[in-house]
Amino acid sequence: MKTPRPLARASAVTALATAAALLPATAWAAAPTWAPADTAAVHPGVQTHTNGAQCTSNFVYSNGTDVFLGQAAHCSGTGGSTETNGCSAGSLPIGTPVSITGASKPGTLVYNSWLTMQSRHEADANTCQYNDLALVKVDPADVSKVNPSLPFWGGPTGVNTAGTKQLGTVLSYGNSELRGGITQLSPKQGTSLGDTGGGWSHTVLTVTPGIPGDSGSGFLDRDGNALGVLSTLNLAPQPGTNGVGDLSRELAYASAHGGLGTVELVPGTAKFRGPLI
């Protein structure tokens, strides 16, 4: 689902061991003031580039100290596009710079679920297969340019913790460079075909499926709650559908094991507009 590029394999153990030295915390006297939603340069849905791989950011997060932009863990993967098991797939290390469209300075990869699962020797098959979230720390110089609202749809209003119902409405905003900048094709509305992987993933069908470069983009439920992160383009058994990792589980895992403290979704400042129909 990422735009492919050649990469060198990185050591998960080395990556995690050097993280503390690479990532100094940013202390704030007060919570950041978000840029206006209609003029913010950095927001959910902007493109990210990790060593040449283009993906789409999902939502804005914070641990009360730093601001993070989410992308898929596989956006920093070093293997092929079919390598999806995060407990065995290679990844670039923590500390890797990530270019963020609209930001003046690169962000920094501070959490990757694949690297974390490997360091913990995660054994649960569903977690290994579907936990696909990374967090990119926004440089302090660019925090004032950030707004947490999803383009077109507004929100998110919170985090979905109940999963989806069969044929429930889902909404998203893709931003693949393969669309050549045609933003009218970015908003997506579709339906869920059900939850899989013990609730770790949701199979979704939109009018046009997510394509390479849309990886990592955020999905909302019909109430504007953040549902998940676009992870895969499915070829079987339901061709043209996408696999969306469950955000509530991915965030819980990051908070418990990522070394960043409790990481929470930042709600959008723009009112959620609701489904088109």
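Output needed for segment 177-233: three equivalent-ellipsoid semi-axes, defined as square roots of 5 times the C-alpha gyration tensor eigenvalues, in descending order, whole Å. Numbers along the way, then the final one.
Values: eigenvalues 87, 32, 20 Å².
One finds semi-axes of 21, 13, 10 Å for segment 177-233.
Counting just the Cα atoms, what span does segment 90-160 cover along each of its three principal axes? Round to the nearest Å and put the largest first.
40, 30, 15
Where does each of 84-93, 55-64 land if you order them by average Cβ count within 10 Å, highest first?
The most tightly packed comes first, giving 55-64, 84-93.
Jot down the per residue volume, in cubic angstrom and as a whole number, of the convex hull over the alpha-carbon atoms of segment 132-260.
Taking the convex hull of the Cα positions in segment 132-260, it is 121 Å³ per residue.
Quick check for you: with a 1.4 Å probe and neighbouring chains kept, what is the accessible area per residue of segment 149-277, in Å²?
For segment 149-277, the per-residue accessible area is 42 Å².
Mind checking the full-extension length gain between E83 and R179? Use 0.36 nm per residue of separation minus the Cα-Cα distance, one decimal, nm.
Full extension from E83 to R179 adds 32.1 nm.
Starting from the Cα of K271, step 7 Å along the direction of its Cβ; do the same at A162; then give the gap between the two resulting points in nm.
Result: 2.3 nm between the two label points.
Restricting to the chain, compute how many DSSP beta bridges are antiparallel as a %, nearest 5.
95 percent
Where the centroid of each part is defined by its Cα atoms, how far is segment 218-277 from segment 29-71 in Å?
For segment 218-277 versus segment 29-71, the Cα centre distance is 15 Å.
Can you pull the semi-axes for the chain, root of five times each eigenvalue of the Cα gyration tensor, sorted largest first, whole Å?
24, 23, 17
Roughly how many whole Å is it from the C-alpha centroid of segment 174-209 to that of segment 125-139?
Comparing the Cα centres of segment 174-209 and segment 125-139, I get a distance of 18 Å.
Normalised by the residues of the chain, what does the relative contact order come to in percent, with Cα pairs under 8 Å and at least six apart?
Normalised by residue count, the contact order of the chain is 23 percent.
At 222 nm, what value in deg cm²/dmol follows for the chain if DSSP H runs of at least 4 each add -39500 (n - 2.57) and the sum is divided by all its residues, to the nearest 500?
My calculation for the chain gives -3000 deg cm²/dmol from helical runs alone.
Give the relative contact order (percent, whole number) for segment 129-277; include only Cα pairs under 8 Å separated by 6+ residues. Before the final figure, lay out each step's value.
Values: 309 pairs, mean separation 44.5, N = 149.
In percent, rounded to a whole number, it is 30.
Computing the accessible area with a 1.4 Å probe over protein heavy atoms, can you report the carbon and sulfur percentage for the chain?
It is 57 percent, rounded to a whole number.
Which one of L178, L260, A141 is farthest out on the positive end of the charge dipole of the chain, using unit charges on Cβ (Lys, Arg +1; Asp, Glu -1) and the Cα centre as origin?
It is L178.
Straight distance only, please: which lysines reach the Cα of K105 with their own Cα at less than 19 Å, same-chain residues fewer than 8 apart left out?
K137, K145
Got a sec to turn the phi values of segment 57-63 into Karplus ³J(HN,Hα) couplings, 6.51 cos²θ - 1.76 cosθ + 1.60 with θ = phi - 60°, whole Hz, x for Gly and Pro?
Residue by residue, segment 57-63 yields 6, 9, 9, 9, 9, 8, 9 Hz.
I need the phi-derived Karplus couplings for segment 71-88: 6.51 cos²θ - 1.76 cosθ + 1.60, θ = phi - 60°, integer Hz, Gly and Pro marked x.
Result, rounded to whole Hz: 9, 6, 4, 6, 5, 10, x, 10, x, x, 5, 8, 8, 10, 7, x, 7, 9.
The values are calculated or read from the model by the stated rules, or taken from the named source; none is laboratory data. As the structure is a prediction and not an experimental result, all values here were calculated from the model. Reconstructed Cβ throughout: ideal geometry from the backbone, glycine too, with neighbour counts over all protein chains shown. Calculation scope for accessible area: heavy atoms of the full protein, side chains included, ligands and nucleic acids excluded. Shrake-Rupley method; radii C 1.70, N 1.55, O 1.52, S 1.80 Å.
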